[in-house]
Amino acid sequence: MPPREVQEAGIEPFSLVQRPFTWRNMHLLNPGGGSAIISAVFQPQTRKTNEMVNYKDLGLVNTREMFAKAVKGGYAIPAFNFNNMEQMQAIIQAAVETKSPVIMQVSKGARKYANPTILRFMAQGAVEYAKELGCEKPQIVLHLDHGDSFETCKSCIESGFSSVMIDGSSLPYEENVAVTKKVVDYAHQFDVTVEAELGVLAGVEDEVSAAESHYTKPEEVVDFATRTGCDSLAISIGTSHGAYKFTPAQCTRDPKTGKLIPPPLAFDVLKAVEEKLPGFPIVLHGSSSVPQDEVDTINQFGGKLPDAVGIPEEQLREASKSAVCKINIDSDSRLAMTAAIRKHFAEHPEHFDPRQYLTPARESMKKLYMHKIIDVLGSNDKL
Ligand code: G3H
Ligand code: 13P
Ligand code: ZN
């Protein structure tokens, strides 16, 4: 409660809403003046960043309703990774312009790079930014990508995440069940949704690498989902992390372009999982398509990404129509950003203001996100 002078002066105690202030040392009203001129010395109390905050207070939502609608409607929600402000801005601009729900996800590496506190305030800022851009009721999820332990998930839940992934996919089955159930039991107390994973993705990405790919065993999914109570399940059907999803030996080569053609995803495994768990939300990781025009631009302007290859978009479009309701994309955004920056530097070697090269990078990511939403996942016009 502000002091009486403040109430009588009719001054909006705006600061109380945003963060606690002390009202000590506050000198109100210019004694001689007719208008209320404040000469106040606000003393912001140090806010403990480890204070528990619920995502609902930040304007975020969990994935439950979003996934139910996506499964029913035959589309998938984009889950874009972010590490910095430009990615966040591009994600929100794209989601608002296409009227799409969106999952902003943060990896363990992103938390280390950007700082957990900063990322959580960025997510809160993202909600306000979406409103500022004209979206009345943004549907934004802040999701932990590849949570590696109960402790990491707990810490995210306590700092405003609305969804977490516990990735026990490399553990023995019973250990995966145990840690997933522990996270679910904790998360559900706060209405936070939990993604789990069964089956192992191949990949070369730092924090999430797995030497080989093991497709999800459809015969395990009912037992796993029932015993853990997870809200969605990431499965392995041949996608993998990073910009090199397949070795040249696993691909065929297009004789005209010389580009690699990857082997198809295991749609039979997806179908078998859907039959066992009808309507249950399924997640695909490692779903970047590694756009060859971006790869060519990178290579043309000094980069070295030979034989980078991803998942063809037609296959993701197909998957989106099924119970796959969350599709993870990170590498494509990295490629779009890198290509734009390399091109910009090649064309403007005199530039050194980050805004000069980050502006086209942000534009390029926004274009990519809009393309994914409209042309691949079909989550546009759902708000
Ligand atoms: O699946 C992993 C994401 O691409 C995040 O990658 O660990 O390099 O941030 P990262
Ligand atoms: P990509 O590397 O294919 O973009 O996959 C990202 C991902 O799965 C994040 O969890
Ligand atoms: Zn992943």
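The values are calculated or read from the model by the stated rules, or taken from the named source; none is laboratory data. Predicted model only: the values in this text are computed from it and were never measured. Every residue, glycine as well, gets a Cβ built from its backbone with ideal geometry; the counts of neighbours run over all protein chains shown. Only protein heavy atoms, including side chains, enter the accessible area calculation; ligands, DNA and RNA are left aside. Shrake-Rupley method; radii C 1.70, N 1.55, O 1.52, S 1.80 Å.
Return the residues of the stretch 162-189 that are more than 24 Å from MET52 (Cβ to Cβ) and either buried (at least 19 other Cβ atoms within 10 Å of the Cβ) or touching a Lys or Arg at 6+ places or on another chain (Cβ under 6 Å) (or both); say none if nothing qualifies. Working first, answer last.
Applying the first criterion (more than 24 Å from MET52 (Cβ to Cβ)) to the stretch 162-189 yields 168-178.
Selection gives GLY168, SER169, ASN176, VAL177.
Grab the helices (runs of 4 or more DSSP H) fully contained in the stretch 253-368, keeping just those with 1 or more residues being farther than 17 Å from ALA76 by Cβ. Show your work before the answer.
On the way: elements: 267-276, 292-300, 313-320, 331-347.
Counting at least 1 such residues, we get 267-276, 292-300, 331-347.
Within the stretch 97-107, can one find any residue that is more than 15 Å from ligand 3 (Cβ to nearest atom), at pLDDT below 95 and either part of a helix (DSSP H, G or I) or at negative phi (or both)?
If we filter the stretch 97-107 for residues that are more than 15 Å from ligand 3 (Cβ to nearest atom), which is where we start, we get 97-102.
Applying the additional criterion that residues be at pLDDT below 95 yields none.
No, every residue in the stretch 97-107 fails to be more than 15 Å from ligand 3 (Cβ to nearest atom), at pLDDT below 95 and either part of a helix (DSSP H, G or I) or at negative phi (or both).
Quick one: in the stretch 72-86, of everything that is assigned to a helix (DSSP H, G or I) and in contact with a helix residue (DSSP H, G or I) (Cβ under 8 Å, 6 or more places away or on another chain), which residue is farthest from SER331 (Cα to Cα)?
Across the stretch 72-86, the extreme among qualifying residues is MET85.
Where residues in the stretch 157-184 are among the hydroxyl-bearing types (Ser, Thr, Tyr), within 15 Å of ligand 2 (Cβ to nearest atom) and at pLDDT 95 or above, which of them is farthest from ALA234 (Cα to Cα)? Show your work before the answer.
Taking the stretch 157-184 and keeping what is among the hydroxyl-bearing types (Ser, Thr, Tyr), we get 159, 162-163, 169-170, 173, 180.
Within this subset, residues satisfying the condition of being within 15 Å of ligand 2 (Cβ to nearest atom) are 163, 169-170.
Then keep just the ones that are at pLDDT 95 or above; that gives 163, 169.
Numbers: SER163: 14, SER169: 9 Å.
This residue is SER163.
Looking at the stretch 348-375, I want the residues that are polar (S, T, N, Q) and have a partner that is part of a helix (DSSP H, G or I) with Cβ atoms under 6 Å, at least 6 apart or on another chain. Which pairs are those?
The qualifying pairs are SER364/ALA336; SER364/ALA340.
Within the stretch 299-333, count every residue that is open to solvent by 60 Å² or more (accessible area, probe 1.4 Å) and touching an Asp or Glu at 6+ places or on another chain (Cβ under 7 Å).
0
All but one of (1) in a strand (DSSP E or B); (2) surrounded by fewer than 22 Cβ atoms within 10 Å (Cβ to Cβ) hold for GLU195; state the number of the condition that does not hold.
Single failed check for GLU195: (2).
Kindly provide the set of residues from the stretch 48-67 that are loosely packed, with under 14 Cβ neighbours inside 10 Å and more than 18 Å from the chain's Cα centre (by Cα), ordered by number.
LYS48, THR49, ASN50, GLU51, MET52, ASP57
Would you mention how many residues in the stretch 265-280 are under 22 Å from GLN105 (Cβ atoms) and open to solvent by 20 Å² or more (accessible area, probe 1.4 Å)?
1
Which residue pairs have Cβ atoms under 6 Å apart, sit 6 or more places apart or on different chains, and have a first residue in the stretch 226-248 that is under 14 Å from PRO281 (Cβ atoms) and more than 16 Å from ligand 1 (Cβ to nearest atom) and a second that is open to solvent by 20 Å² or more (accessible area, probe 1.4 Å) and outside any strand (DSSP E or B)?
Listed by first residue and then by second, the contacts come to THR228/LYS181.
Hey, among GLN124, GLN93, which residue is in contact with a helix residue (DSSP H, G or I) (Cβ under 6 Å, 6 or more places away or on another chain), open to solvent by 50 Å² or more (accessible area, probe 1.4 Å) and not in a loop (DSSP other than H, G, I, E, B)? Break it down into steps so the answer makes sense when it comes.
Numbers: GLN93 fails: open to solvent by 50 Å² or more (accessible area, probe 1.4 Å).
Sole residue among the options that is in contact with a helix residue (DSSP H, G or I) (Cβ under 6 Å, 6 or more places away or on another chain), open to solvent by 50 Å² or more (accessible area, probe 1.4 Å) and not in a loop (DSSP other than H, G, I, E, B): GLN124.
Can GLN189 be described as modelled with pLDDT of 95 or more, within 22 Å of CYS325 (Cα to Cα) and of a type in the set (S, T, N, Q)? Lay out the reasoning, then the answer.
Values: modelled with pLDDT of 95 or more: yes; within 22 Å of CYS325 (Cα to Cα): no; of a type in the set (S, T, N, Q): yes.
Taking the combined requirement at face value, the residue does not satisfy it.
Quick check on the stretch 140-156. Is at least one of its residues more than 11 Å from the chain's Cα centre (by Cα), within 16 Å of ligand 2 (Cβ to nearest atom), touching a residue at least 24 places away in the same chain (Cβ under 8 Å) and open to solvent by 60 Å² or more (accessible area, probe 1.4 Å)?
yes
Name the single residue that is nearest to the chain's Cα centre (by Cα) among those in the stretch 226-248 being at pLDDT below 95 and away from ligand 3 (no atom under 16 Å from the Cβ).
Across the stretch 226-248, the extreme among qualifying residues is PHE246.
Give the residue that is surrounded by the fewest Cβ atoms within 10 Å (Cβ to Cβ), with candidates limited to residues of the stretch 96-121 that are more than 22 Å from TYR357 (Cβ to Cβ) and of a type in the set (Ser, Thr, Tyr).
That would be THR117.
Name the residues in the stretch 324-383 that are of a type in the set (Ser, Thr, Tyr) and more than 17 Å from the chain's Cα centre (by Cα), would you?
In the first step, residues of the stretch 324-383 are kept if they are of a type in the set (Ser, Thr, Tyr); the result is 331, 333, 338, 357, 359, 364, 369, 379.
THR338, TYR357, THR359, SER364, listed by residue number.
Being among the acidic types (Asp, Glu), within 16 Å of ligand 1 (Cβ to nearest atom) and modelled with pLDDT of 90 or more narrows it down to one residue among GLU220, GLU205, GLU195; which is it?
Working: GLU220 fails: within 16 Å of ligand 1 (Cβ to nearest atom); GLU205 fails: modelled with pLDDT of 90 or more.
Step by step, each of GLU220, GLU205, GLU195 is checked, and only GLU195 is among the acidic types (Asp, Glu), within 16 Å of ligand 1 (Cβ to nearest atom) and modelled with pLDDT of 90 or more.
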